[in-house]
Amino acid sequence: MKKFLFLILFSIGLAACADNYSNTSYSNYDIGAQGSVQMGRIVQMLPIKTTGSDGIGTATGAVAGAAAGSMLGGNTAINIIGGVGGALLGGMLGSATESAITSTNAFEFIIQKTNGSYVSLVQTNELGLRPGDNVWITTANGVTRIRSRVTTYY
């Protein structure tokens with residue numbers, strides 16, 4: 001029961017580490033940052049799925065699995081085998097969990113700027129943007145986003 005509870009708490013803790021990939025969420029570092037703004041029109045949207053990261057989940061899962069596996073009991077050899085096996089299984093489970101949590105559905109937007117050039121941008125679409133929409137293309141702190149030019153957001 002303790003191992004099951006530990007795995008649940010581990011998964012919750014890993015989920016708390018997941019990045020927020022929302023187009024309308026900004027970090028504290030974005031406050032007061034000046035950026036550039038251009039105008040354009042969405043020409044095409046392609047649905048995509050981003051792949052998640054697999055760093056901290058693998059390491060945390062391996063440590064947790066090793067700790068759990070080494071408690072199998074018996075003799076020292078069984079504990080060592082259990083620890084190694086637990087580390088391998090925990091690492092794979094942690095990696096898969098982190099990747100699933102940090103993956104997201106998004107769109108690749110093809111945008112024609114008012115100067116006639118085209119740009120491609122990948123972002124989420126909680127704003128409901130569509131081909132034909134006029135958009136602001138904003139870039140600040142190395143992050144580019146698009147917003148509708150006709151809708152006010154509060």
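The values are calculated or read from the model by the stated rules, or taken from the named source; none is laboratory data. Predicted, not measured: the structure shown is a model, and the values here were computed from it. As a convention, Cβ positions derive from the backbone with ideal geometry for all residues, glycine included, and neighbour counts pool all protein chains shown.
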Practice task
Please find, within the range 115-130, the residue that is surrounded by the most Cβ atoms within 10 Å (Cβ to Cβ) out of those that are over 11 Å from residue 45 (Cα atoms) and in contact with a Lys or Arg (Cβ under 8 Å, 6 or more places away or on another chain).
Solution key: 127
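Any chance the range 55-65 includes a residue that's part of a loop (DSSP other than H, G, I, E, B), modelled with pLDDT under 75 and not aromatic (Phe, Trp, Tyr)? Quick ask: steps written out before the conclusion?
Quick first cut of the range 55-65, residues part of a loop (DSSP other than H, G, I, E, B) only: 55.
Within this subset, residues satisfying the condition of being modelled with pLDDT under 75 are 55.
Adding the requirement that they be not aromatic (Phe, Trp, Tyr) leaves 55.
Yes.
Can you say whether residue 129 is within 23 Å of the chain's Cα centre (by Cα), in a loop (DSSP other than H, G, I, E, B) and in the same structural domain as residue 46 (by TED's automatic domain parsing), as far as the supplied structure shows?
On the way: within 23 Å of the chain's Cα centre (by Cα): yes; in a loop (DSSP other than H, G, I, E, B): yes; in the same structural domain as residue 46 (by TED's automatic domain parsing): yes.
Yes.
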Fill in the blank from the handout: Checking 35, 40 in turn, the sole residue that is buried (at least 18 other Cβ atoms within 10 Å of the Cβ), at pLDDT 75 or above and either closer than 30 Å to residue 149 by Cα or assigned by TED's automatic domain parsing to the domain that holds residue 134 (or both) turns out to be 40
